[in-house]
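One structure below.
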Amino acid sequence: MADKIARVLLVEDDEDDYILTSDYLRQLDSHQFEIDWVTTPTKALEQLSLGKHDICLLDYQLGAYNGLTVLEKASKNGCSIPIIMLTGQSDDTLDQSALAAGAVDYLVKGEITTSRFARAIRYALARQEIENERLERINAETRNQSKDRFLAHLSHELRTPLTSILGYTEILLNDNKAPNAKAELNIILNNGRHLLGLLNNVLDLSKIAVGKLEHNIEAIPLDSFIADIFSLMKVHACEKALELVLHANTPLPLSIQTDAVRLRQVLINLIHNGIKFTEQGQVILMISIVIVNNKEMLSFTVSDTGQGIPKSMLATIFKPFEQVEDIISRKEQGAGLGLSICSELVKHMGGTIEVTSELNSGSQFTFSIDPGDITTQPRTIITFDQQHSSNAKLALPQLQGRVLVVDDMDDIRLLIGHNCQSFGLTVSYASNGLQALEQCKLADSQDASFDLILMDIHMPELDGKRAIKALRKLAFNKPIIAITAATMKGVKQELMAIGFNLIVPKPIDKAELYRGLASYLNLKEQSTCSHVDAIKDNNSAEPQQRIMVVEDDNDAADITVLLLESLGAKAVKANSAKQCQALLSTEKNWSKILLDLHLPDADGLALARTIQHAYPEVELILVSGATVAEQSLEQAGITQAILKPVNRDILQNLLTKL
Ligand code: ADP
């Protein structure tokens with residue numbers, strides 16, 4: 001017996017015809033039919049308006065009434081149930097009018113036992129199933145959209161106060177305003193950052209839950225991708241005097257296709273955990289190719305020599321919300337969401353993740369990802385010079401000069417910039433070759449040319465190789481140092497041949513970077529710097545920028561203004577779109593406007609469109625709590641979007657970047 005149930009509304013004023021039709025329906029083996037019988041047009045319309053049937057069989061002649069009237073009224077009322085008109089005899093004109101009035105088909109009662117009847121019922125039901133699925137899809141989509149909007153809103157609401165917490169703490173620490181409370185301020189800063197990490201995790205999990213994780217597959221150069229992660233994580237490993245090691249003994253493809261942001265997130269999370277739970281020894285990253293179901297997959301293993309994970313915990317370690325007991329007894333902070341997110345992200349990249357661990361001897365996390373078609377990719381052994389570093393405290397003679405740091409990865413650019421600042425240099429930033437060219441032209445026009453450029457090779461818009469050619473054409477004859485993983489044979493020679501003066505390898509080693517810079521730049525007279533990364537305000541040589549901060553949260557607005565002023569800019573706040581418009585019409589020469597996405601009297605994007613129209617020369621930057629689609633930004637004339645909480649580094653980057 002068919003297990004599909006179809007609810008039929010049979011509109012028929014003749015009982016014999018009702019019995020005949022329903023008997024026949026029950027003999028059809030495609031469905032089980034539940035039949036509701038009504039005899040009048042009014043009852044028929046009443047039932048149709050309830051929308052609980054999958055199909056309606058409607059007699060054309062209902063006593064004195066005409067079935068066509070019912071049909072017309074039903075479709076006028078928005079009825080979406082397929083209606084088949086039953087007529088006494090074949091009549092072409094009548095059949096055509098039934099179809100025109102919205103019937104899906106018409107049948108002659110006398111032919112009710114033919115296969116045509118069975119087919120008409122089947123088609124009408126199939127059609128209704130498709131319609132139901134479509135409606136269900138639309139409903140689900142609408143539900144997801146509102147969840148999505150809620151998440152974006154929540155994210156915004158949570159990030160805004162974090163801007164104040166982290167921002168004021170940074171100001172107090174960096175400006176040494178509360179020398180007696182340094183320890184306490186560091187506690188606030190660490191806890192605020194921890195809260196931000198948790199917030200990001202919860203939002204990631206929610207995105208995964210509503211199926212809203214963006215897929216962003218792109219080609220990434222594996223060697224420099226790994227080198228960048230190493231540069232960042234090495235800083236943390238060195239702080240704990242641990243060794244961070246890469247083992248990649250098999251040739252690996254130079255380029256893979258994957259979601260770079262998510263792969264980076266997984267690797268950083270695992271390496272970070274390795275460092276966090278290891279007191280001495282090493283954290284090792286192993287990369288190899290493995291064959292799974294006849295396909296080449298890229299496999300990563302992060303192992304450490306740390307405390308290990310108890311057996312009882314291993315089974316649930318990738319499952320969110322199942323670690324409550326451990327969390328309560330746990331020494332380290334954490335909601336235990338990081339690994340669950342990693343496991344979801346790995347699935348999203350086409351692979352699997354597993355863990356083995358032995359208490360007091362170490363843990364090993366292995367995951368694979370689908371690297372796309374790598375069969376034709378050139379392969380190489382990726383190695384880094386892994387001398388144990390020099391990121392420890394250094395006392396080096398200070399250098400002098402203005403350097404431009406060009407790298408598309410925000411945190412790498414800042415890491416290099418911070419190192420340069422700690423050597424005494426004045427730093428400007430660009431995130432690709434095109435911006436570097438613009439920066440150089442601008443610096444020349446202000447008689448403040450750069451003394452040296454540090455340039456990444458793989459960048460969007462204009463890569464390092466093309467950028468150096470353009471720079472040399474512009475007669476920039478100062479040293480340009482390439483910062484690259486350059487694992488392929490011959491790359492170094494190629495870079496030197498096109499005009500780079502030196503290559504400083506990634507992952508970045510502070511001492512090596514210093515040596516590179518020192519071979520071209522002069523020493524400052526009679527001073528040394530300690531490694532303490534005192535952030536200097538290096539913008540004194542730049543013309544002062546006038547920036548408007550449009551933000552309705554007063555605390556967040558104040559701290560952003562304060563941070564901008566501490567970086568040498570002139571900043572003014574506006575708490576609403578109206579105030580922003582008033583400032584624009586009364587004061588001129590704004591360089592940039594930082595726009596909050598949600599304002600009490602306007603949507604940030606709409607306001608941006610208005611400003612762009614009236615003041616196209618002002619650079620618009622969106623400050624939001626959740627990511628905004630690239631297309632919406634472009635349409636509103638926004639050149640970049642930054643995610644709350646804003647901090648000093650982000651703002652400095654903004655000030656020095658065009
Ligand atoms: P969180 O998001 O709280 O950082 P994770 O999901 O990343 O948590 O990790 C969950 C827990 O698993 C950690 O709190 C820790 O107890 C354990 N763990 C993860 N990685 C390691 C490791 N490399 N060594 C020991 N324990 C680990």
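The values are calculated or read from the model by the stated rules, or taken from the named source; none is laboratory data. Just so we're clear, the structure is a prediction, and the values are computed from it rather than from any experiment. Note that we place each Cβ from the backbone using ideal geometry, even for glycine, and neighbour counts take in every protein chain shown. Surface areas here come from the heavy atoms of the whole protein model, side chains and all, with no ligands, DNA or RNA. Shrake-Rupley method; radii C 1.70, N 1.55, O 1.52, S 1.80 Å.
Screening residue 147 against (1) open to solvent by 90 Å² or more (accessible area, probe 1.4 Å); (2) modelled with pLDDT of 85 or more leaves a single unmet condition, (2).
Checking 630, 619 one by one, the residue that is open to solvent by 70 Å² or more (accessible area, probe 1.4 Å) and under 22 Å from residue 653 (Cβ atoms) is 630 and no other. Please state which of the following conditions residue 279 fails to meet, knowing it meets all the rest: (1) crowded, with 19+ Cβ neighbours inside 10 Å; (2) within 12 Å of the ligand (Cβ to nearest atom). Evaluating residue 279 over (1) crowded, with 19+ Cβ neighbours inside 10 Å; (2) within 12 Å of the ligand (Cβ to nearest atom) leaves (1) as the failure.
When residue 239 is tested against (1) without any contact (Cβ under 8 Å) to a residue 60 or more places away in the chain; (2) crowded, with 18+ Cβ neighbours inside 10 Å, just one condition goes unmet, and that condition is (2). For residue 284, the criteria (1) within 13 Å of the ligand (Cβ to nearest atom); (2) at pLDDT below 90 hold in every case but one, which is (2). Taking the criterion of being without any contact (Cβ under 8 Å) to a residue 24 or more places away in the chain and among the polar types (S, T, N, Q), the residues of the stretch 611-654 that qualify are 627, 631, 639, 640. Of the helices (runs of 4 or more DSSP H) lying entirely inside the stretch 416-501, those containing at least 1 residues that are crowded, with 18+ Cβ neighbours inside 10 Å, in contact with a His (Cβ under 9 Å, 6 or more places away or on another chain) and touching a residue at least 12 places away in the same chain (Cβ under 8 Å) are 464-473.
Could you check how many residues of the stretch 358-380 are under 30 Å from residue 280 (Cα atoms) and surrounded by 13 or more Cβ atoms within 10 Å (Cβ to Cβ)? Before you say what the answer is, go through the steps one by one.
At the first step, the residues of the stretch 358-380 found to be under 30 Å from residue 280 (Cα atoms) are 358-369.
This time we only want the ones that are surrounded by 13 or more Cβ atoms within 10 Å (Cβ to Cβ), so: 362-369.
Of the residues in that region, 8 qualify.
Closer than 23 Å to residue 383 by Cα, away from the ligand (no atom under 13 Å from the Cβ) and either modelled with pLDDT of 90 or more or outside the structural domain of residue 508 (by TED's automatic domain parsing) (or both), is that true of residue 298? When the stated conditions are applied, residue 298 passes them. Selection of first residues in the stretch 364-377 that are assigned by TED's automatic domain parsing to the domain that holds residue 339 and of second residues that are away from the ligand (no atom under 16 Å from the Cβ) and of a type in the set (Phe, Trp, Tyr), restricted to Cβ pairs under 9 Å at least 6 apart or on distinct chains, gives an empty result. Checking each residue in the stretch 534-559 for being at pLDDT 85 or above and under 30 Å from residue 401 (Cβ atoms) picks out 545, 546, 547. Are any residues in the stretch 638-648 in contact with a Leu (Cβ under 6 Å, 6 or more places away or on another chain) and farther than 15 Å from residue 162 by Cβ, and if so, which ones? Answer for the stretch 638-648, where residues must be in contact with a Leu (Cβ under 6 Å, 6 or more places away or on another chain) and farther than 15 Å from residue 162 by Cβ: 638, 641.
Would you point out the residue of the stretch 245-271, among those that are free of Cβ contacts under 8 Å to residues at least 60 places away in the same chain and within 16 Å of the ligand (Cβ to nearest atom), that is nearest to the chain's Cα centre (by Cα)? I'd like the intermediate steps shown before the answer.
Restricting attention to the stretch 245-271, the residues satisfying the condition of being free of Cβ contacts under 8 Å to residues at least 60 places away in the same chain are 247, 260-261, 264, 267-268, 271.
Now narrow it down to the ones that are within 16 Å of the ligand (Cβ to nearest atom): 264, 267-268, 271.
Numbers: 264: 12, 267: 16, 268: 16, 271: 21 Å.
Checked the stretch 245-271; the qualifying residue nearest to the chain's Cα centre (by Cα) is 264.
Go through the stretch 603-626 and count every residue that is closer than 27 Å to residue 155 by Cα and acidic (Asp, Glu). Residues flagged as closer than 27 Å to residue 155 by Cα and acidic (Asp, Glu) within the stretch 603-626 amount to 2. Pairs linking a residue in the stretch 278-290 that is on the phi > 0 side of the Ramachandran plot to a residue that is open to solvent by 40 Å² or more (accessible area, probe 1.4 Å) and among the hydroxyl-bearing types (Ser, Thr, Tyr), with Cβ atoms under 8 Å and 6 or more positions apart or on different chains, are 281/305.
With the requirement that a residue be open to solvent by 20 Å² or more (accessible area, probe 1.4 Å) and polar (S, T, N, Q), what does the stretch 206-236 give you? Residues satisfying the conditions are 206, 216. Contact map, the stretch 194-205: residues that are open to solvent by less than 50 Å² (accessible area, probe 1.4 Å) paired with residues that are more than 10 Å from the ligand (Cβ to nearest atom) and small (Gly, Ala, Ser), Cβ distance under 7 Å, separation 6+ or inter-chain. Pairs shown: 203/155.
Given the structure, is residue 345 under 30 Å from residue 203 (Cα atoms), open to solvent by less than 20 Å² (accessible area, probe 1.4 Å) and at pLDDT below 85? Outline the logic, then answer.
Details: under 30 Å from residue 203 (Cα atoms): yes; open to solvent by less than 20 Å² (accessible area, probe 1.4 Å): yes; at pLDDT below 85: no.
So residue 345 fails the test.
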